Amino acid sequence: MEQLFRGKIDIQDAYAFFYFTQHGDYRRLIHNIKYKGEKRCGKYLGSLFASELLKEGKLQDIDIIAPVPLHHSRERARGYNQSEWVAKGIADVIGKEVCPHLLCRRKKNESQTHKSLYERWLNTHSAFYVQETSKIKDKHILLVDDVVTTGATLLACAEALLKSGNCKISLLTLAITQQNNK
């Protein structure tokens with residue numbers, strides 16, 4: 001996962017729990033978390049992954065956990081933000097605060113599922129802003145999402161955080177698409 005962001009943005013660490021492939025076993029798991037109301041599964045996987053990383057000496061200097069936000073209309077329709085539930089699972093293990101409203105979306109983006117790398121970048125570029133800039137000063141923020149494909153969303157979120165304050169960023173997702181590692 002670090003290779004995906006190397007040279008694009010200054011991050012401390014980047015972690016992905018498993019590979020997401022079109023016909024793989026984890027595809028259904030992510031879809032159930034995202035679209036079928038299985039938010040507790042997202043929380044469980046977040047805690048499981050955080051436990052594994054903690055055993056390896058990772059995540060110990062994190063100050064704040066920030067889930068990638070959904071647009072309020074999408075979160076209202078879905079009933080929850082799946083990334084926030086993953087973040088809650090991580091917080092249960094590392095004992096740090098989840099700040100679900102630290103980042104906000106300026107606009108409702110179209111789904112990125114069938115977009116090219118450039119279209120994804122256009123769709124997310126400048127889409128996020130930091131609501132409480134004083135909260136991130138001199139902090140190490142763990143930015144959490146469910147799955148990363150091209151990295152456009154995480155990149156846009158990290159750029160907003162870095163622009164808004166003197167902070168460090170690490171990234172964590174449950175899954176990364178297999179195509180990123182060819």
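The values are calculated or read from the model by the stated rules, or taken from the named source; none is laboratory data. It should be emphasised that the depicted structure is a prediction, and the values quoted were computed from it without experimental measurement. When we count neighbours, we look across all protein chains shown, and the Cβ atoms used for this are built from the backbone with ideal geometry, even at glycine. Only protein heavy atoms, including side chains, enter the accessible area calculation; ligands, DNA and RNA are left aside. Shrake-Rupley method; radii C 1.70, N 1.55, O 1.52, S 1.80 Å.
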Once phi is turned into ³J(HN,Hα) by the Karplus curve 6.51 cos²θ - 1.76 cosθ + 1.60 with θ = phi - 60°, what whole-Hz value does each residue of segment 140-146 show in order, with x for glycine and proline?
9, 9, 9, 8, 10, 9, 7
Considering amide H positions built from the backbone, and no H for Pro or chain starts, which residues 5 or more places from residue 167, or on another chain, come under 5 Å of its amide H?
138
How far, in nm, would the chain grow between residue 131 and residue 25 when pulled straight, counting 0.36 nm per residue and subtracting the alpha carbon separation?
34.5 nm
Looking at segment 1-94, which GluC sites (Glu not before Pro) are DSSP coil and have at most 13 other C-beta atoms within 10 Å of their C-beta?
56
Pull out a ≥ b ≥ c, the square roots of the eigenvalues of the alpha-carbon gyration tensor of the chain, then state rounded if a/c is under 1.5, prolate if not and a/b is larger than b/c, and oblate in the remaining case.
rounded
Percent relative contact order of the chain, based on C-alpha pairs within less than 8 angstrom and at least six residues apart?
30 percent
Cut-off under 5 Å, modelled amide H: who pairs with residue 37 long-range
none
Mind listing the phi-derived Karplus ³J(HN,Hα) values for segment 51-68, rounded to whole Hz, using 6.51, -1.76 and 1.60 with θ = phi - 60°, and x for any glycine or proline?
4, 5, 5, 4, 4, 8, x, 9, 6, 6, 9, 6, 9, 9, 10, 10, x, 5
Summed residue charge, Cβ within 11 Å of residue 162's Cβ, Lys/Arg positive, Asp/Glu negative:
0
Whole-Hz ³J(HN,Hα) from phi, Karplus 6.51 cos²θ - 1.76 cosθ + 1.60, for segment 18-32, glycine and proline x:
8, 8, 9, 10, 3, 10, x, 5, 6, 4, 5, 4, 4, 5, 5
SASA check, residue 72, accessible area w/ 1.4 Å probe, all protein chains in place, rounded to nearest 10 Å², comes out at 120 Å²
Quick one: compute the contact order of segment 1-103, relative version, from alpha carbon pairs under 8 angstrom and 6+ residues apart, as a percent.
29 percent
Cα centroid separation - segment 60-89 against segment 127-168, whole Å:
13 Å
